[in-house]
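To keep things clear, I will list the structure first and then write my remarks on it.
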Amino acid sequence: MAEYLLEVKNLKTCFELFRGTVKAVDGVDFTLKEGEILGIVGESGGGKSVTGFSLLGLIDLPGRISGGEVFFRGEDLLKKSEEEMRRIRGKEISMIFQDPMTSLNPLQTIGSQIDEMLALHTDLSSAERKQRILDLLTEVGIPNPADRINNYPHQFSGGMRQRVVIAIALAVNPRLIIADEPTTALDVTVQAQILKLMENLVHKFGSALILITHDLAVVSEMTHRVAVMYCGKIVEEGPTKDLIANPHHPYTKGLLESIPKMAGARTPRLPQISGMVPSLFDLPKGCSFAPRCSRATERCLQDVPEMRLLSPGRKAACYHPAGMAEEGEGHE
Amino acid sequence: MKNRLGNFFRSELFHNFLRNPGAVIGLVIVIFFLVMVLIGPFFTPQNPYDIGGLDLMDAYKPPMWMDGGERAFPLGTDEQGRDLLSAMVYGSRISMGIGLIVVLLSCVIGTFLGLVAGYFGGRLDSLLMRLVDVQLSFPAMLVALFIMAAFGRGFGKLVFALTIVGWVLYARTVRSSVLVEKKKEYIDAAKLIGLSPFPVIFRHVLPNILTPLIVIATIQVGTVILTEATLSYLGVGVPVTKPSLGLLVKNGYDVLFSGLWWSSVFPGMFIMLLVFGINLLGDFLRDEFNPRLK
């Protein structure tokens, strides 16, 4: 048994478009233990979702995975055939999408959509599958599952649909679930419920979870560790509490500072990260974040910083990390 | 089942249908023709295919309300003494049969190729769509004429020729619908649970693109019947022994200037009525299923 459930090494996914090659995921490394919850945070277009799809080998043309290794239970998923991957998708690794309005087939009852997963990956008889569907729906908090099983997606509210999507994802007890912005499309009141539900179920089923989101509040609530992505690279990684209390990378710091605070002294104006996310067609030469970074120096514009260990368990890709004890390197 | 039927009668589609006189008329016409071709042959005065039952003495009889008309031949007879009404019932049978079979075949073939082309994309897609482009650059009638001229008359050959001409329309429409549909998340979700491509295509993509297909197929039945009539009129369609409506018009046309107007006018009106009914129905379905017109 490998040490990690999932070990991603130097994963690269690029899209070869007419205007040039976009490196949507550019050398991403991370690891995940059994039962662990990892948050991947970043702005839109930062490569978070593409990372998720790359793990499952579901990158459509013109995109392709151009390098790296994805070890899942010690086996490299990128070396597996399409046939072998099909047996892993859903059964070993499943995925929850952002928008429950579009991630269910509008013309199939929710019962048959869960059944499809069960029929594909288990040997249960149809009566057993039906019982399992009812159990799953109860598990995700759908009242009267026996009545609801023959309903169509349009007869459910957004939150209820996301519960169904979660039921499908959990149906055959996958070892890993990738949730791609699972609460972004939901009402704020429902978001908390769904997150709590996912946290409980992941714990109960013993699955590991990768939570892809742009919402640091979501991350701080339920993840064990966080990886912050910017322009296709992970710029900072560490245990959630530590990272939020004391961000090293200026980008993480900027993200955290731009969250409105309900308590404490009110600043006259909410701090924001100046500038725009650079076009992926035309990334700056050095650190991608340098043009927007207040701490950037000449070196940041020239060289790409590597991820390095800054304190126990904490890594960041920055020459001038913030929040260090010594505040070194004389940039101030 | 009963519940589903009840749901249909309470549906918006049915409600709108009742408020659309054109659609109701269209359906009535289509049902009239369907009933006629299914049970009509049991009631017709004559079997027009049975040469032995014909009497040349009955030739060129006018419709029964005209001088010299007989009750036995309500719409008159042709040059072989064949009852025109019977010939039209049997002819409608052939015309509608060809229309439905050709639409069914070309729809199945075109849909399959369109699904495959749209879903997989790449070279297969390019190849199929260039084939469609080439074929669409020739008038359908010309291609059908060419095929029929090469192979000769016959029911099966006619179906073959019209299918060859017809599938491109479905293939192109289906492909473009698939391109839209396959970008939706539930298709990704279906791939993500580990389904292979063909189950994804048939269980998830196909049901969601059926609406444009229904509309096209309905209108195409009319178009195919017209094409068949034209080919038969030109003498390259069905065999003379089993005339379709188009061939009846042609036969009547040969004697039109001798004053025997009925033997081409009545079959012609039949074609017009049938195609008119189908088009009314097709237009209604198109308006109903097109969200932009709502």
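A few remarks follow.
- Residue match in the range B:200-222 (condition: within 12 Å of chain A (Cβ to nearest Cβ), within 25 Å of the chain's Cα centre (by Cα), open to solvent by 10 Å² or more (accessible area, probe 1.4 Å) and closer than 25 Å to B:M96 by Cβ): yes
- Any hit, the range B:37-45, residues being over 24 Å from the mean Cα position of the chain (by Cα) and closer than 30 Å to B:T77 by Cα: yes
- Residue that is least open to solvent (accessible area, probe 1.4 Å) [pool: residues in the range B:174-199 that are more than 7 Å from chain A (Cβ to nearest Cβ) and part of a loop (DSSP other than H, G, I, E, B)]: B:K182
- Search result, residues across the range B:16-58 that are open to solvent by less than 60 Å² (accessible area, probe 1.4 Å) and in contact with a strand residue (DSSP E or B) (Cβ under 6 Å, 6 or more places away or on another chain): B:Q46, B:D58
- Selection count, the range B:60-78, where residues are surrounded by 14 or more Cβ atoms within 10 Å (Cβ to Cβ) and over 32 Å from the mean Cα position of the chain (by Cα): 2
- Of all residues in the range B:230-244, those satisfying the criterion of being open to solvent by less than 40 Å² (accessible area, probe 1.4 Å) and of a type in the set (A, V, I, L, M) are B:L231, B:V236, B:V238.
- Conditions (1) open to solvent by less than 50 Å² (accessible area, probe 1.4 Å); (2) within 12 Å of chain B (Cβ to nearest Cβ); (3) closer than 18 Å to A:I177 by Cα; (4) of a type outside the set (G, A, S); number of the one not met by A:R87: (1)
- Tally of residues being part of a loop (DSSP other than H, G, I, E, B) and either touching a residue at least 40 places away in the same chain (Cβ under 8 Å) or of a type outside the set (S, T, N, Q) (or both) across the range B:132-152: 3
- Any hit, the range B:35-47, residues being among the hydrophobic types (A, V, I, L, M, F, W, C) and in contact (Cβ under 8 Å) with a residue 12 or more places away in the chain: yes
- Pairs, first touching a residue at least 12 places away in the same chain (Cβ under 8 Å) and within 12 Å of B:L231 (Cα to Cα) in the range B:241-252, second open to solvent by less than 10 Å² (accessible area, probe 1.4 Å) and β-branched (V, I, T), C-beta under 8 Å, six or more apart: B:S244/B:I98; B:S244/B:V238; B:L245/B:I225; B:G246/B:V238; B:L247/B:V238
- Residue check, A:P62 more than 9 Å from chain B (Cβ to nearest Cβ) and either open to solvent by 40 Å² or more (accessible area, probe 1.4 Å) or charged (D, E, K, R) (or both): yes
- The sole residue among B:E228, B:E288 that is touching a Leu at 6+ places or on another chain (Cβ under 8 Å), more than 23 Å from B:H15 (Cα to Cα) and of a type in the set (D, E) is B:E228.
- Against the criterion of being assigned to a helix (DSSP H, G or I) and open to solvent by less than 50 Å² (accessible area, probe 1.4 Å), A:S94 does not qualify.
- For the range B:178-201, filtering for residues that are in contact (Cβ under 8 Å) with a residue 60 or more places away in the chain and not β-branched (V, I, T) leaves 3.
- Note on the range A:25-79: residues that are in a strand (DSSP E or B) and without any contact (Cβ under 8 Å) to a residue 24 or more places away in the chain total 2.
- Entry remark, the range A:97-132: residues being among the aliphatic types (A, V, I, L, M), part of a helix (DSSP H, G or I), at the interface with another protein chain (Cβ under 9 Å from one of its Cβ atoms) and in contact with a helix residue (DSSP H, G or I) (Cβ under 8 Å, 6 or more places away or on another chain) number 1 in total.
- Any hit, the range B:153-173, residues being out of contact with any Asp or Glu (no Cβ under 6 Å at 6 or more places or on another chain), within 14 Å of chain A (Cβ to nearest Cβ) and not in a helix (DSSP H, G or I): no
- One residue stands out among those in the range B:245-294 that are outside any helix (DSSP H, G or I) and open to solvent by 60 Å² or more (accessible area, probe 1.4 Å): the one that is nearest to B:A87 (Cα to Cα), which is B:W261.
- Search result, residues across the range A:133-174 that are open to solvent by 40 Å² or more (accessible area, probe 1.4 Å), within 14 Å of chain B (Cβ to nearest Cβ), under 23 Å from A:T102 (Cα atoms) and part of a loop (DSSP other than H, G, I, E, B): A:N150, A:Y152
The values are calculated or read from the model by the stated rules, or taken from the named source; none is laboratory data. On a predicted model such as this, the values are computed, not experimentally measured, just so you know. Methodologically, a virtual Cβ is constructed for each residue, glycine included, from the backbone with ideal geometry; neighbour enumeration extends over all protein chains shown. When the accessible area is computed, the model is the full protein with side chains, heavy atoms only, and any ligands, DNA or RNA have been set aside. Shrake-Rupley method; radii C 1.70, N 1.55, O 1.52, S 1.80 Å.
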